[in-house]
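Asker: One structure follows; several queries about it will come next.
Only the coordinates and a few stated rules stand behind these numbers; no lab work does. Keep in mind that what you see is a predicted model, and the values were worked out from it rather than measured. Using ideal geometry, Cβ is built from the backbone for each residue, glycine included, and neighbour counts are taken over all protein chains shown.
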Amino acid sequence: MINIKNLDKALKKVEKPARYIGLEENSHNKDINHAKVKFAFAFPDVYEVGMSHLGLHILYNLINDQQDFVCERTFAPWFDMEYQMRDKNIELYTLESKEEVRNFDIVGFTLQYELSYTNLLNMLDLAKIPILSKDRDETFPIVIAGGPCAFNPEPLADFIDLFLIGEGEEATLELLELYKKHKEGDFNKKEFLYDAATKIEGIYVPSFYEIFYNKDNTISKRVVLESKVPEIIKKRRVRDLDKMYCPERMLVPYIETVHDRISLELFRGCTHGCRFCEAGFIYRPIREKSVDTLLCQAEKLVDSTGYDTISLSSLSSCDYTQLDLLIHSLLDKFEDKKVGVSLPSLRLDSISIDILKEIERVRKTSLTFAPEAGSQRLRDVINKGVNESDLEMAVSYAFKEGYSKIKLYFMMGLPTETEDDLIGIRDLSYKVKDMFFNRPKEEKVGNFQLTTSVSCFVPKPFTPFQWHGQDSIEKFYDKIDLLKKTFKDPKIKFNYHDPRVSYMEAIISRGDRRISNLLLKAWEYGCKFDGWSSAFNFDIWQKAINDSGIDPHFYANRTRDFDEILPWDFINAGPTKKTLIREYNKALDGNITPDCREVCNGCGIDNCEMRGVFN
Amino acid sequence: MKIRAKYTKLGYLKYLSHLDLVRLFNRSFIRADIPVRYSEGFNPHPKLSLGNPLPLGIESVCEYFDVELTENIELNEFNNRLNEVLPKWIKIIESKEIDELTPSISSTMCITEYEISADLTNPEEEIDYSCEINRLLDFSNIDIEKKKKKGKNKVTIKVNIRPFILKLSINGVYDGSIKFKSIVLTGEKGNVKPSELLEVINKNTKIKLDLDSMNARKIASYTNEFEE
């Protein structure tokens with residue numbers, strides 16, 4: 001256990017000390033000394049961000065429900081707390097037992113965002129755990145990672161002993177069981193990793209593979225170094241969500257977090273097939289929970305947390321087959337308790353707003369829509385299945401319902417984009433404004449404000465655009481200038497993302513093992529919390545790029561050939577490469593692919609749960 | 001019905017902010033099925049009011065809140081049901097019914113008794129601690145610098161806190177650390193924090209304290225009528 005007196009001194013000097021104390025409702029206080037396997041769940045961002053992540057609540061309860069295992073949490077300390085910890089020799093600790101993370105058997109990081117990787121390194125350092133996997137012997141914990149970004153594990157290959165690819169509900173317990181067996185004998189790190197890699201599906205151990213490169217920096221081959229270790233890693237997926245483990249409790253933070261409410265997961269996967277969206281491809285196929293299951297889970301969660309809002313959280317919650325029935329059942333059930341229901345994302349149709357009108361106890365004044373691209377041509381390219389009349393209908397309906405603040409989300413730098421498409425962003429925004437003011441005077445309620453936000457497109461692995469070269473930073477700035485000049489109306493606020501941040505995201509997300517060195521350098525030079533605009537420092541990143549000798553253009557801006565071996569090709573995420581190539585070609589031709597609830601497009605997932613369900 | 005409840009704030013939960021406490025109580029009312037009255041309007045919230053905020057990092061065995069209910073409830077049941085769902089460091093000690101005319105907690109409970117301890121940085125020095133404290137209390141002016149918001153800017157102003165210190169005494173010295181008891185004003189008319197007391201002791205007496213090692217606990221609250 002860390003020195004509690006020192007911790008107390010540290011807590012008196014930092015902002016939001018309750019980030020670092022634990023003791024929340026529904027937190028566990030199992031005796032870690034009696035646990036056979038001690039697992040530290042590490043989230044590489046601040047407490048408020050990590051606690052809003054549903055996966056944390058699932059894995060935390062899943063592991064702690066097992067008698068032999070204990071799971072405790074640790075988060076990245078904010079700058080002020082890190083200073084205090086280093087000053088007072090406080091190692092990174094878990095919130096529950098205030099135990100040094102170094103004393104745990106396994107440290108598991110969840111990878112939600114590429115720009116949190118420097119935090120991961122910093123947390124290992126604060127835990128006094130050697131950062132490189134090869135420097136850690138049996139006296140240190142096994143360091144593992146999972147989550148959406150683990151689908152391209154290569155940039156972290158030098159740091160992480162073992163990756164878990166796909167959904168973790170089943171594989172995590174299999175892994176802890178295996179660890180328990182090994183710990184009962186004479187524990188040997190390599191033997192454990194070998195057993196995990198060969199016996200558990202979805203486990204990837206980077207040290208069992210060697211990568212060779214061509215002169216042009218592309219990959220020439222991957223060689224498996226140990227016998228029986230799989231060449232292709234198949235992602236794990238839970239087949240029946242009704243039978244899947246679902247926690248009856250959620251940790252209830254004392255301090256305000258990003259999502260201060262119950263998260264009710266309706267389904268996994270998404271059927272729209274938007275070509276830019278990684279989640280839409282790696283979480284296929286769609287698997288829904290039944291209304292009965294959801295009502296039962298919601299009741300237990302309300303009782304155990306005291307939250308007054310249930311958020312229906314899935315990739316596109318309005319798609320839930322029995323949404324109407326579910327919402328009415330929830331509202332009926334919790335009417336007395338004044339518990340409300342909220343929808344985090346809206347489809348561009350009036351039905352969504354109708355539901356929203358019914359469920360939101362607190363009337364929101366602003367609504368957000370994501371047309372993603374400014375022209376119909378480009379929306380077809382990215383397979384975003386909405387057209388201008390959908391948006392018009394939704395917006396006019398929203399105005400009629402009294403909403404006066406609208407937010408529109410777009411991307412720039414999408415494949416085939418032209419100046420006309422960019423001007424389309426401006427045109428669509430002005431159209432929305434005109435629709436508000438062209439109504440009869442008596443209907444114009446509220447103070448109209450439109451916010452148009454444009455982000456810089458980052459091509460992601462496992463999407464049809466994984467071969468596409470990202471626009472250069474200069475090009476992004478040119479496009480921003482162009483847009484800025486066209487937005488002159490004080491009623492329309494034009495926002496854009498920092499192209500330099502998107503550039504770093506692009507380098508890391510499609511990186512190979514050589515990116516490990518860049519991350520190490522960036523961390524050594526002081527980068528952390530890079531996803532926070534207040535902390536992001538591009539100058540340091542550039543120095544790290546120069547000193548690590550990587551060619552940033554090679555990773556971010558280069559358009560790849562279809563026959564190139566991509567760093568993440570050895571992972572089977574579901575849809576085949578053939579499917580992605582087909583989708584990319586269709587995109588370039590401006591052809592759309594229908595929602596796979598309507599027709600099976602043959603993406604190549606084996607034993608797809610969808611077959612026979614919707615079509 | 002309106003209830004005034006007295007509760008504790010101990011252990012690490014001394015780091016909960018005022019707002020965190022409000023949220024904790026609101027969730028607890030839902031879980032304990034307490035029939036709380038909600039305000040009218042677009043964004044209804046429970047009719048709950050807390051006393052003056054306790055400085056972050058200070059424990060207390062005498063915090064208060066007032067809450068309005070839509071129906072009557074036995075006070076014992078109110079306490080028990082809430083205590084079942086509250087964390088063990090925050091517990092209702094007692095509660096009583098009050099009427100509409102009862103003045104608010106923050107306007108009446110303006111005098112606070114603290115127990116404060118801190119490590120001495122000069123424990124080997126022979127000092128008559130009580131004498132030092134009495135000497136300090138003989139000052140008619142004890143100025144400290146307080147940061148205040150003036151419009152948009154933060155300005156530092158000098159405040160004489162001597163009139164706000166009603167009592168300050170040594171409660172024991174052992175093992176290199178010293179314990180004080182103090183009664184101070186904590187309200188609109190004047191406000192002294194335990195950390196400020198230690199600061200003025202460090203500055204004006206021979207007693208030298210490690211300010212970071214401070215532990216403080218609020219042990220009593222008094223109304224305006226308090227007289228030494």
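Asker: Using alpha carbons only, how many angstrom separate the centre of segment B:18-76 from the centre of segment A:164-185?
Answerer: If you average the Cα positions of each part, the centres end up 44 Å apart.
Asker: So for the pair B:Lys96, A:Glu358, with labels modelled 7 Å out along Cα→Cβ, what separation do we get in nm?
Answerer: Output for this residue pair reads 5.0 nm.
Asker: For segment B:77-152, place one equal point scatterer on every Cα, skip the solvent, and apply the Debye formula. What is log10 of I(q)/I(0) at q = 0.15, 0.16, 0.19 Å⁻¹?
Answerer: Here the Debye-derived log intensity ratios amount to -0.97, -0.99, -1.06.
Asker: Distance from the Cα centre of segment A:30-70 to that of segment B:94-157, in angstrom?
Answerer: Using only Cα atoms, the two centres lie 41 Å from each other.
Asker: Taking Cα pairs under 8 Å and at least six residues apart, what relative contact order does segment A:408-501 come out at, in percent?
Answerer: Across segment A:408-501, relative contact order equals 40 percent.
Asker: Same structure again: Largest first and in whole Å, what are the equivalent-ellipsoid semi-axes of the protein assembly as shown based on the Cα gyration tensor, each being the root of 5 times an eigenvalue?
Answerer: For the protein assembly as shown, the semi-axes come out at 50, 35, 28 Å.
Asker: Treating the angle as unsigned and between 0 and 90°, give the value, to the nearest 10°, between the Cα long axis of helix A:577-589 and the longest Cα principal axis of chain A.
Answerer: On a 0 to 90 degree scale, this one is about 30.
Asker: For A:Trp532 and A:Asn438, calculate 0.36 nm times their separation in residues minus their Cα-Cα distance, and state this gained length in nm to one decimal.
Answerer: 29.9 nm
Asker: May I pose another question? Relative contact order for segment A:144-200 using alpha-carbon pairs under 8 Å, separation at least 6, rounded to a whole percent?
Answerer: 31 percent
Asker: Continuing with the same structure: Out of every Cα-Cα pair in segment B:2-108, what percent are more than 21 Å apart?
Answerer: 31 percent
Asker: Please identify the cysteines of chain A that lack any partner cysteine with a Cβ under 4.7 Å from their own Cβ.
Answerer: Lacking a cysteine Cβ partner under 4.7 Å: A:Cys71, A:Cys149, A:Cys246, A:Cys270, A:Cys296, A:Cys318, A:Cys456, A:Cys527, A:Cys596, A:Cys600, A:Cys603, A:Cys608.
Asker: Going by alpha carbons, how many degrees (0 to 90, nearest 10) lie between the helix axis of B:194-204 and the longest principal axis of chain B?
Answerer: Taking Cα atoms only, the helix is inclined about 10 degrees.
Asker: Also, quick follow-up: For A:Asp563 and A:Asp390, what is the calculated FRET efficiency with R₀ set at 30 Å and r taken between the beta-carbons, to the nearest 0.05?
Answerer: That pair, A:Asp563 with A:Asp390, gives E of 0.20.
Asker: Still on this model: Which of A:Phe399, A:Phe208, B:Phe139 has the fewest other C-beta atoms within 10 Å, and how do the rest follow up to the most?
Answerer: With the sparsest Cβ surroundings first, the list reads B:Phe139, A:Phe208, A:Phe399.
Asker: While we're looking at this one, here's another question. Which translational diffusion coefficient, to the nearest whole µm²/s, is obtained for segment B:111-222 from the Stokes-Einstein equation, given a Kirkwood hydrodynamic radius over C-alpha pairs, 37 °C and 0.692 mPa s?
Answerer: 224 µm²/s
Asker: State, to one decimal in nm, how far the label point of A:Asn591 lies from the label point of B:Lys203, with both points 7 Å from Cα in the Cβ direction.
Answerer: 7.9 nm
Asker: In addition: What number does segment A:114-240 give for Rg over Rh if you use C-alpha atoms and the Kirkwood radius?
Answerer: We get a ratio of 0.96 for segment A:114-240.
Asker: Report the local net charge at A:Asn438: Lys and Arg +1, Asp and Glu -1, summed over other residues whose C-beta lies under 12 Å from its C-beta.
Answerer: Computed value for this residue: +2.
Asker: Let me ask another. What value, in deg cm²/dmol to 500, does the helix sum -39500 (n - 2.57) over DSSP H runs of n ≥ 4 give at 222 nm once divided by the residues of the protein assembly as shown?
Answerer: -9500 deg cm²/dmol
Asker: Roughly what would the spin-label model give for B:Ser140 and B:Lys154, points 7 Å off Cα along C-beta, in nm?
Answerer: 3.4 nm
Asker: Non-local amide H neighbours of A:Lys407 (under 5 Å, H modeled in plane, Pro and chain starts lacking H): which ones?
Answerer: Those qualifying (amide H under 5 Å, at least 5 residues apart or on another chain) are A:Leu367, A:Thr368, A:Phe369, A:Thr451.
Asker: Amide H to amide H under 5 Å from A:Ser313: which residues, 5+ apart in sequence or cross-chain, H placed 1.01 Å off N in plane?
Answerer: A:Leu264, A:Glu265, A:Leu266
Asker: Would you mind calculating the gained length between A:Asn601 and A:Asn517 on full extension (0.36 nm times residue separation, minus the Cα-Cα distance), in nm to one decimal?
Answerer: Additional length available on full extension: 26.2 nm.
Asker: Something else: Note the angle between two axes, namely the Cα long axis of helix A:291-305 and the longest principal axis of the Cα atoms of chain A, as a number of degrees from 0 to 90, rounded to the nearest 10.
Answerer: Once rounded, one gets 70 degrees.
Asker: Please report how far the C-alpha centroid of segment A:476-538 lies from that of segment A:103-119, rounded to the nearest whole angstrom.
Answerer: If we compute the Cα centre of each part, the gap is 21 Å.
Asker: Now for a different question. Would you mind getting me the FRET efficiency between A:Asp87 and B:Thr121? Use the beta-carbon distance for r and R0 = 22 Å, nearest 0.05.
Answerer: 0.80
Asker: Label 7 Å along Cα→Cβ of A:Asn26; segment A:148-173 residues with amide nitrogen under 18 Å?
Answerer: Once the point is set 7 Å along Cα→Cβ of A:Asn26, A:169 turn out to lie under 18 Å by backbone N, inside segment A:148-173.
Asker: Next question, about the same structure. Note down the relative contact order for chain A as a percent, whole number, built from C-alpha pairs under 8 angstrom at least six residues apart.
Answerer: 14 percent
Asker: Based on the Cβ-Cβ distance from A:Lys577 to A:Asp420, what FRET efficiency comes out when R0 is 30 Å, to the nearest 0.05?
Answerer: With R0 = 30 Å, the Cβ-Cβ based efficiency is 0.40.
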